[in-house]
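Visitor: Take this structure, written in structure tokens, and hold onto it; I'll ask about it next.
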Amino acid sequence: MPDPSGGIFLTTQQSDEDRGLVRFDRSNCEMSIPDLFERQVRAYPGRIAVGCEQQSLSYDDLNRASNRIAHAILRCRGDRNEPIALLFRQGPTAVSATIGSLKAGKIYVPLEPNQPVHELQKIIAHCKPSLILCERGTEPLARSLIVDANRHLNVETTTAGESDIDLGLNLLPDRICYIFYTSGTTGPPKGVFDNHRNVLHNIMRYTNSLGIGAKDRLSLIQSCSFSGTVSSVFSALLNGAAVCPFDLQGQGIARLASWIERERITVFHSTPTLFEQLMATGQKFDNLRLIRLEGDRAAPRHISLFQSHFNDDCVLVNGLGLTEAGIVRQYFVTPRTKTDGDVVPVGQATEGMEINVVDAEGCNVDRGRVGEIVIRSRHLACGYWLQPSLTGAAFVPDPAGGGMRRYRTGDLGRLRADGCLDYLGRKDFQAKLRGQWVDTAKIEGDLCAMDSISQALVLIRDGGLGTQQLIAYLVTAGVRPSIDSIRRALGRTLPTVMIPSKCVFIAAMPMDRNGKVDRRRLSAPERQRPNLKKIFVAPRSQEEEIVAKCFCEILKIDRVGVHDEFLDLGGDSLLAVELLMMIEERLRVECPAALMGRLFSVASVVSRLGQDPPESALVQIQAGDGRAPLFCIHNYSGDVSDYYCLADCLDPNRTVYGLQSREFSKAGIRDVRVEDMAAAYLIEITAVAPDGPYYLCGDCFGGTIAFEIAQQLRRQGRNVALLVLIDTAFPGGFLYDLASRFLDPYRRRRLSDLTAKQWLRFFARRLQAFVRWAASGSKHRLISATEWVLGRRHQPDFHRLGILERNKLAQARYNPRQYDDEIVLICPGPPHNQRGWIGVAADGCHIIEVPLDGQPLKSPHLTHDPYVGTLAAHISKFLEA
């Protein structure tokens, strides 16, 4: 049968007639749920409606039981459309109470008996139910939640004498039918309420796309309080099929596998994690014709599991469903379907559900770009119960009108060229790492591909010192692998930024009552030294003891062996910069950037601290595969250690060199002219790359040197393929710098938005900064002029100045000439004192603004986590081009 949402065919060996399939007509959406259920009762009175090992109910039995409950509710509360709470464990009684509540015209609010009492009390206090329905096992809990005995109704003991005749209430389709409270995994619980019409439209989408018929048997394994039960219960009971409840929390995965076969389940609905655990049991499922994966993000390994366990009689449907909208996208997979990439799509739109992917401002992004998923439909949920402001913010009228509304999901997605949607998870769980979206599904897939790892979940957590780190939570199958072996294996397929800093081994993934991984129960990594292949060797000298303590403080672990490599312990390039600064402070020595090799340990750091300076100013930051290297020039400090952070975010196959000040080399030369620096660095560059093309990059003052190197390369007839200047001020002298600081149009616009008090405070800070700048720039002039007047020298001795002052002087004295090619100019906001470069680039400038977390006037730093990743992404585009 063709899927109306997509062009993908849902095929089975059974015909529509064999399955008792009757297409769900749109006109049914203008009825009520009880009216449509009673139609099925008249059509199939003796057919099983609720299949359960302990107690099965036919459609007639279920109708009579729900009628008795409905009459009892009416006797207590009348037919007002008001909330009543349902406190049941999953089973036939819970289904009867749900239908009975709807027949009485009430709004049912399902509660989970195993939920903490204080959370249940919050829900009760918020929705204020007039009545709480319960069974024998949950009655004590019900009495603790609502003290008033007149508001309790035990449906097993108080409804026996009630009438079992249909009530015949005139229930309109826009009447409110339920309130489902969210689990709170992404914030405080809130109640989503909806009406009969929208629920029936959702059932229409499921019925017609999945081909649900009267002979189907649908699993019901989620908690009663999970909104996913709506589709399972009503897709069965409104189509003459059977719904089969199973107490997953009480009986477990192993019993679930055998139960599916005993109950002859044909449609199985679960989360991807639960499906993965089910496949691990090794059970055969001959009766399943359809598997629904919803509620969490599916990965390629889940598709592989399906295709290795099932034949052509079964279809897997990866769907995107939300409490606020129902099912909105579906992707159909058969055992023969070929999938590519690291993301399993959620497919094409279902009937009446449109999707847009938007940026932070709400504008549609191009296909292939990541953004927030927005749903546009007439059949979204009504809103959040008793929270009009929250409802108004989340559900907004569509500009086109016609009853259409929009709902911003908080989920990330990406539309493919054919309109197929990739679901990339919650925004809450998909934080950027160093400015780049990290594909955790790809990392998890590569981890699970290892023989010793059965399950993996990767999260981004606070790493301290303003950084973030990837943490992998792993369930092993057999011998636990060492951390360094895991990192080496991932390093063959993943860039450095996507390799987890730390791994936490757990016995099993914690799951909530709905079969989702409960991320809140995943604890932060402990402070213990990780499991490494290398034997622990304690520090053997005072220097090693001090350096080891620095390692422990930066990495937040209890001990470090002298041969343990920094990256294997959970370090990264950002933390390495902090580490070297700490070592310099503790040992009162200079730590050159060369110490920050890819593999460095306590022993290697200590052994190289007392060595002679290197012969060359060239430092290899990243070893690549032989393609043309990227040369990164030092800033005012003369150091290149910050470029390790940049290299970590680039293609690992790209060779990266840093050029540090010649003062740090064995020659100890103190340059005072940009032209001399460039000429010396040019010799070193052409020694390792004699033929080009040349890729040059410089941060701050390094951009000026890179510009001069490019000029000299061009004069030699060599090919400069890329010149990138990162936040590099144009060396235009005193008046230019003053004008750029105070007269820039962007800054004028910023000042125009300030109050008088804020303007004065801003001006005072700028004036103070300018005085400091003028003083530092005048120091060398004062020294030089004084010595010249006293006749001590014919020429000023600039070599006596420190490296920072000499480089600032070199910047001030440099006069850029016309450059007959283009320049890539990267600024932390609109260019101000960088504008001069536009005039010297004959072929123009590519100006790229990379805001620094909403602080565009603050000078950025290459070790700032989000900034460096965004920066690297832009540079990578030009390198690949």
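The values are calculated or read from the model by the stated rules, or taken from the named source; none is laboratory data. As the structure is a computational prediction, the values presented were derived from the model and not from experiment. Using ideal geometry, Cβ is built from the backbone for each residue, glycine included, and neighbour counts are taken over all protein chains shown. Remember, those area values only see protein heavy atoms, side chains included, never the ligands or the DNA or RNA. Shrake-Rupley method; radii C 1.70, N 1.55, O 1.52, S 1.80 Å.
Visitor: Can you list which of the trypsin sites (Lys or Arg not before Pro) found in the range 267-343 are DSSP loop residues with at most 12 other C-beta atoms within 10 Å?
Guide: LYS284, ARG336, LYS338
Visitor: If you don't mind, there's one more thing I want to ask. Could you work out how much longer the chain between ILE165 and CYS76 gets when fully extended? Use 0.36 nm per residue separation minus the Cα distance between them, nm to one decimal.
Guide: 30.3 nm
Visitor: State the extension gain, in nm to one decimal, for the chain segment bounded by ALA417 and ILE506, taking 0.36 nm per residue of separation less the distance between their alpha-carbons.
Guide: On the way: separation 89, 0.36 × 89 = 32.04 nm, distance 3.97 nm.
Length difference between fully extended and current span is 28.1 nm.
Visitor: With the full set of protein chains in place, find how many percent of the accessible area of the range 268-394 is carbon and sulfur; take the probe as 1.4 Å.
Guide: Exposed carbon and sulfur together represent 45 percent of the surface.
Visitor: Could you state, as a whole-number percent, how many of the C-alpha pairs of the range 54-205 are farther apart than 26 Å?
Guide: Cα-Cα pairs of the range 54-205 separated by over 26 Å account for 22 percent.
Visitor: Of the cross-linked pairs LYS128/LYS190; LYS442/LYS549; LYS103/LYS128, which ones have a Cα-Cα span greater than 25 Å in the structure shown?
Guide: From LYS128/LYS190; LYS442/LYS549; LYS103/LYS128, over 25 Å: LYS442/LYS549.
Visitor: Give, in nm to one decimal, the length gained when the segment between ARG520 and ALA400 is fully stretched (0.36 nm per residue of separation minus the Cα-Cα distance).
Guide: Net length gain for the segment: 39.2 nm.
Visitor: Also: What nm distance separates the two modelled labels at ASP462 and ALA125, each placed 7 Å from Cα along Cα→Cβ?
Guide: 2.7
Visitor: Enter the accessible area per residue of the range 262-357 (Å², integer; probe 1.4 Å; all protein chains in place). Write down the numbers at each step before the final one.
Guide: Values: 3220 Å² over 96 residues.
So the range 262-357 comes to 33 Å² accessible per residue, rounded to a whole number.
Visitor: Right, another one. Can you list the HN-Hα couplings for the range 272-289, worked out from phi with the Karplus curve (6.51, -1.76, 1.60; θ = phi - 60°), rounded to whole Hz and with x for Gly and Pro?
Guide: x, 5, 5, 4, 4, 5, 5, 5, 5, 6, x, 6, 8, 10, 6, 8, 5, 10
Visitor: Return, ordered by residue number, the residues of the range 80-117 whose backbone nitrogen is under 11 Å from a label point located 7 Å along Cα→Cβ of GLN55.
Guide: Counting only backbone N, you get 91-97.
Visitor: Also, I was wondering about something else. How many nm separate the modelled label positions at LYS533 and HIS563, each set 7 Å beyond the Cα in the direction of the Cβ?
Guide: 1.2
Visitor: While we're here: Give me the compactness ratio for the range 256-327, meaning the Cα radius of gyration over 2.2 N^0.38 Å. Present the calculation step by step, with values, prior to reporting the outcome.
Guide: Values: Rg = 12.0 Å, N = 72, 2.2 N^0.38 = 11.2 Å.
That works out to 1.07 for the range 256-327.
Visitor: Using the C-alpha gyration tensor of the range 682-722, what are the square roots of 5 times its eigenvalues, in whole angstrom, with the largest one first? Display every interim value, and only then the final one.
Guide: On the way: eigenvalues 54, 22, 16 Å².
Equivalent ellipsoid semi-axes, largest first: 16, 10, 9 Å.
Visitor: Then there is this: Taking the simple approach of a point 7 Å from Cα along Cα-to-Cβ for both ARG367 and GLN251, what is their distance in nm?
Guide: According to this spin-label approximation, the distance is 4.6 nm.
Visitor: Here's something else I'd like to know. Please report the Cα spread of the range 322-374 along all three principal axes, rounded to whole Å, starting with the longest.
Guide: The Cα atoms of the range 322-374 stretch 41, 25, 16 Å along their principal axes.
Visitor: For the range 327-424, which semi-axes, largest first and in whole Å, follow from the square roots of 5 times the eigenvalues of its Cα gyration tensor?
Guide: Its equivalent ellipsoid spans semi-axes of 27, 15, 12 Å.
Visitor: Restricting to the range 443-585, compute how many DSSP beta bridges are antiparallel as a %, nearest 5.
Guide: Just about 75 percent of them are antiparallel.
Visitor: So, one more: Taking every pair of Cα atoms in the range 182-275, average 1/r, invert it to obtain the Kirkwood radius, and report Rg/Rh to two decimals.
Guide: Computed over Cα atoms, the ratio is 0.99.
Visitor: Carbon and sulfur atoms: what percent of the 1.4 Å accessible area of the range 511-570 do they account for?
Guide: Whole-percent figure for carbon plus sulfur exposure: 48.
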